Amino acid sequence: MARVRLEHVTKRYDDQGDVVTAVDDMNLDIAHGEFICFVGPSGCGKSTTMETIAGLTIPTEGEIYIGDREVTNLPPKDRGIAMVFQNIALFPHMDVYDNISFGLRLRDYPQDEIDRRVERAADIVQLEGMLNRMPEEMSGGQRQRVAIARAIVREPDVFLMDEPLANLDAKLKVHMRTELQRLHKELDTTIIYVTHDQEEAMTLSDRIAVLDSGQLQQIDPPLTCYNEPDNLFVAGFIGSPSMNFVEGTVTETTLETPNFSLEFNPSSIEGVGVGDNVTLGIRPEDIYPGDLQSEVPDPSGMITATTDILEPMGDEIFAYLLLGDGETSMSQELATNDQLLMSIDPDSDLEEDEELGVVIDRRNVHLFDSATGEAIVHDLIPYEAEGTASSSEVESDD
Ligand code: ADP
């Protein structure tokens, strides 16, 4: 059983006299058979964390366990892992069979065992009938499948994959994503997967580990990261297009922002006090044109806005809204407080430069402490709302 644990793993590099902390006190507990994605912007420490698990990098501090064994200082070959990287390094002069079986032949596995493993792996990644092809005769996706098959034949306890789809075109990426999910179902092994692509992380993972500046920000199932982000970083990183953020101040009865206010009772929410500076987080799909107010379960009051740019996406339209006097154009750098991105129905007849009222689904308004960035609550239902628990009651279950 390949549970993977990182305990207080830190990796510091000396970069020409400057200390760079690539991984900062990382604690992870990954269950056997889990598909975990490390996600975060470039430089956040994803690859370094992965390399410490692989044994390509020895941590400065902390311990790593795979299964029951501590492996912190073991070489990669003794860890029961197999790796797949972004750059598919196949041997150009070897056919698919030889590429897949290379490692096994190197370790002197008996021929019938090699055949058995290659056949099974080729079957899993759907390369049957292609074993005699040369890499140059294959597409990028097929070559990546050879690389995955080469990892499968090692029958590892843990697969480590570092941006394996990054070099594939968009269509192939989506296809390979599905293949990886099938692979995971079929193999019942732990997969740890590095990507900067949050969409990939959302679709593949059992849990997403969101990293920033070498630190773990949140590790949770994709929808928990989406619906209940622990902090502003996760809220802004997960979801495309990003969550809208608006600065606000808490009063006795409202949350005041530069362009609108939301009624609520601050005493009903633990961690909020009158005078506090908070950041509201609102996803584009939780904003609705005001004429739909009756269809929105828990609408805010009407907020006046002007449409700026409309972007039809086929299945939805992104409407960039200007709040307040609407003088600035969205194409310029705007104060976040004065803009909202709303996602609406593709058959909406909304036009550019149209004044309208919009409402927000209060069940999905997130509040963050502006100073620390920590999430306070994930709904802003008025205290009096009928048939709903107050937010503090919901929160106190945690
Ligand atoms: P990611 O995979 O998220 O893009 P990395 O793990 O590659 O991030 O890098 C994390 C940080 O560590 C970055 O600031 C990077 O510049 C630094 N770093 C990585 N490897 C080295 C190294 N060998 N020497 C110095 N700094 C490094």
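Some observations on this one:
- Segment D78..E113, full-extension length gain: 10.6 nm, with 0.36 nm per residue of separation and the alpha-carbon distance subtracted.
- Look at the dipole of the chain built from charges on Cβ: of A2, I30, F245, the Cα furthest out on the positive end belongs to A2.
- Taken along its principal axes, the alpha carbon cloud of the chain reaches lengths of 75, 48, 46 Å, longest axis first.
- Just the protein heavy atoms count here, and of the accessible area of region 4-231 at 1.4 Å, carbon and sulfur take up 45 percent.
- In the context of the full set of protein chains, the chain has a per residue accessible area of 47 Å² (1.4 Å probe).
- Computed from label points 7 Å out along Cα-Cβ, the spacing between D15 and T253 is 5.3 nm.
- Sequence-separation-based contact order of region 241-391, relative, with Cα cut under 8 Å and 6+ spacing, percent: 27 percent
- Relative contact order [Cα under 8 Å, 6+ residues apart], the chain, whole percent: 14 percent
- Projected label distance in nm at N27 and Q181, using a 7 Å step from Cα toward the beta-carbon: 3.3 nm
- For the pair E155 and S267, the difference between a 0.36 nm per residue extended length and the Cα-Cα distance amounts to 34.7 nm.
- Among beta bridges identified by DSSP and lying wholly in the chain, the antiparallel ones come to about 75 percent.
- Charge-dipole axis of the chain as Lys and Arg at +1 and Asp and Glu at -1 on Cβ define it, positive-most pick from V153, V296, Q86: V153
- Kyte-Doolittle mean at least -1.0 and Cα axial length at least 15 Å: DSSP H helices in the chain: 96-106, 140-152, 170-187
- Put simply, the amide H of F35, placed in the peptide plane, has neighbours under 5 Å in I191, D206, R207, leaving out anything fewer than 5 places away on its chain.
- DSSP beta bridge pairing in region 4-231, given as percent antiparallel to the nearest 5: 50 percent
- For K173, K185, K77, K46, the ranking by accessible surface with the largest value first comes to K185, K77, K173, K46, using a 1.4 Å probe.
- Distance histogram in 5 Å bins (all Cα pairs of region 4-231, percent per bin): 1, 7, 14, 18, 19, 16, 12, 8, 4, 1, 0
- Computed lengthening from E199 to R105, 0.36 nm per intervening residue step minus Cα-Cα distance: 30.1 nm
- Only lysine pairs 8 or more places apart or on separate chains count here, and in the chain those with Cα atoms under 26 Å apart total 9.
- Pairwise centroid distance, computed over Cα atoms, of region 349-382 with region 62-80, Å: 46 Å
- Value of relative contact order over region 4-231, rounded to a whole percent, pairs C-alpha under 8 Å and six or more apart: 29 percent
- Cα gyration tensor shape of region 241-391, rounded if a/c is under 1.5, else prolate or oblate by comparing a/b with b/c: prolate
- Spacing of the modelled spin labels on N87 and H8, each 7 Å from Cα toward Cβ, amounts to 3.6 nm.
The values are calculated or read from the model by the stated rules, or taken from the named source; none is laboratory data. Keep in mind that what you see is a predicted model, and the values were worked out from it rather than measured. Note that each Cβ is placed from the backbone with ideal geometry, even for glycine, and that neighbours are counted across all protein chains shown. Surface accessibility is based on the protein's heavy atoms, side chains included, excluding ligands, DNA and RNA. Shrake-Rupley method; radii C 1.70, N 1.55, O 1.52, S 1.80 Å.
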